[in-house]
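What follows draws every value from the coordinates through simple rules; no lab data is involved. None of the values given here were measured: they were computed from a predicted structure. Here the Cβ is made from the backbone with ideal geometry for all residues, glycine too, and neighbour counts use every protein chain on show.
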Amino acid sequence: MHGNENKVCKLIKSLYGLKQAPKQWHLKFDEVVLSSGYLLNQADKCVYIKFDKLVDLTKEFFSSRFFMMDMGEADVILGIRIKHESNRIAISQSHYIKKVLKKFNYFDCTPVSTPMDTSEKLMSDNGQAISQLEYSRVVGYLMQAIYWILKYLKKTIYYSLIYIGYPSVLEEYTDASWINNTKDNSFTSGWVFLLVAGKEVEWLRNLILEIPLWSKPIASISIHCDSDATLAKAYS
């Protein structure tokens, strides 16, 4: 503006979409939550903890500080269906998978047990440009891979994660494929915790250490592994 070139605008109220908005919202939410008696988990500072059975009073407090609607017990959140059963909660995406399969006319397809054809071998990208013909072939292959994934979704349509309670011992299962990369002799590994290895174990232990409902002292974490190299390193 002419005559005000050296002046700046002061943001009085953060607006949705501005770069400052997420930070301002976090500062405001953090202030309100901590003033209500919640404790900040030091292992994950997005987690606030308060052992209080008076849920209605908590909702009333937040309603007085923020604009919010009480829509009752959660049923579907971000495409995930929540099913409450006796002493457990199950979450799944069955209704979303049905919607996808019907949209692409794959609801009656033959299901498969893996998300990818196990006979295929993947190689790392060497960074070299490929021809248009080769690119078209790759796109065609990706379409076939997508169809395979749809068949896999049909197979796992009713799979769900079930939360029963607090286990007395944290358990981890880890496994690795055979050396399937013929260029650098690397393999693919993965893990799952019952409640991810290394630093993940330490982080998870610190996280539950501050949860009042978890019995103390925390038992040792049990890791199930069949890798000779990993076992040798652990016992060395």
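Would you please classify the overall shape of the range 1-115 from the alpha carbon gyration tensor, given that a ≥ b ≥ c denote the square roots of the eigenvalues, rounded means a/c under 1.5, and beyond that prolate means a/b larger than b/c while oblate covers the rest?
oblate
Towards the positive end of the charge dipole of the range 11-118, with charges on Cβ (+1 Lys, Arg; -1 Asp, Glu), say which of Pro22, Ile89, Phe107 has the farthest Cα.
Highest projection toward the positive end goes to Pro22.
Once both labels are modelled 7 Å past Cα along the beta-carbon direction, what's the Lys102-Thr118 spacing in nm?
3.3
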